[in-house]
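The values are calculated or read from the model by the stated rules, or taken from the named source; none is laboratory data. Quantities reported herein were computed from a predicted structural model and do not represent experimental measurements. Here Cβ is always computed from backbone atoms with ideal geometry, including for glycine, and neighbour counts include all displayed protein chains.
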Amino acid sequence: MAARAPVAAGRLLPGFQKWYYNLCGFNKIGLMRDDTIYEDSDVKEAVRRLPESLYNDRTFRIKRALDLSMKHQILPKDQWTKYEEDIHYLTPYLEEVVRERKERDEWMKK
């Protein structure tokens, strides 16, 4: 019986993730998950390193979300960001920036 629990949990997890993704609400104003990351110095550097097309897309999504938020509106349902379409475009750049910062900190300790 205990051996079956992880398999059942594995099937339930994607459903829960989709439910929680829709519950957060940022997708209803056209944002992606990486658009909502708190901007500290690492995130700012990662955004600076984005290719121009990704940077422009991010800027458009954020400006549109701010406009919709000011108007107390949401996008039509067919324009919502879907869970399956939400790519983590900033994560590779952010991981690289954090790795470089940690490496720089290690060098400064010596």
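Of the residues making up region 17-69, those that are more than 15 Å from the chain's Cα centre (by Cα) and among the small types (Gly, Ala, Ser) are Ser41, Ser53, Ser69.
Name every residue in region 68-91 that is part of a helix (DSSP H, G or I) and either loosely packed, with under 11 Cβ neighbours inside 10 Å or hydrophobic (A, V, I, L, M, F, W, C) (or both), in order of residue number.
Within region 68-91, the subset part of a helix (DSSP H, G or I) is 68-71, 77-79, 83-85, 91.
Correct list: Leu68, Met70, Lys71, Lys77, Asp78, Glu84, Glu85.
Among residues that are more than 24 Å from Gly15 (Cβ to Cβ), without any contact (Cβ under 8 Å) to a residue 60 or more places away in the chain and of a type in the set (A, V, I, L, M, F, W, C), Leu75 is not included. Being assigned to a helix (DSSP H, G or I), without any contact (Cβ under 8 Å) to a residue 40 or more places away in the chain, of a type in the set (A, V, I, L, M) and in contact with a helix residue (DSSP H, G or I) (Cβ under 9 Å, 6 or more places away or on another chain), is that true of even one residue in region 42-51? No, because not a single residue in region 42-51 is assigned to a helix (DSSP H, G or I), without any contact (Cβ under 8 Å) to a residue 40 or more places away in the chain, of a type in the set (A, V, I, L, M) and in contact with a helix residue (DSSP H, G or I) (Cβ under 9 Å, 6 or more places away or on another chain). The one condition from (1) part of a helix (DSSP H, G or I); (2) touching a Ser or Thr at 6+ places or on another chain (Cβ under 7 Å) that Tyr21 does not meet is (2).
For the condition at pLDDT 95 or above, surrounded by 15 or more Cβ atoms within 10 Å (Cβ to Cβ), in a helix (DSSP H, G or I) and not polar (S, T, N, Q), what is the one hit in Arg99, Arg64?
On the way: Arg99 fails: surrounded by 15 or more Cβ atoms within 10 Å (Cβ to Cβ).
It is Arg64.
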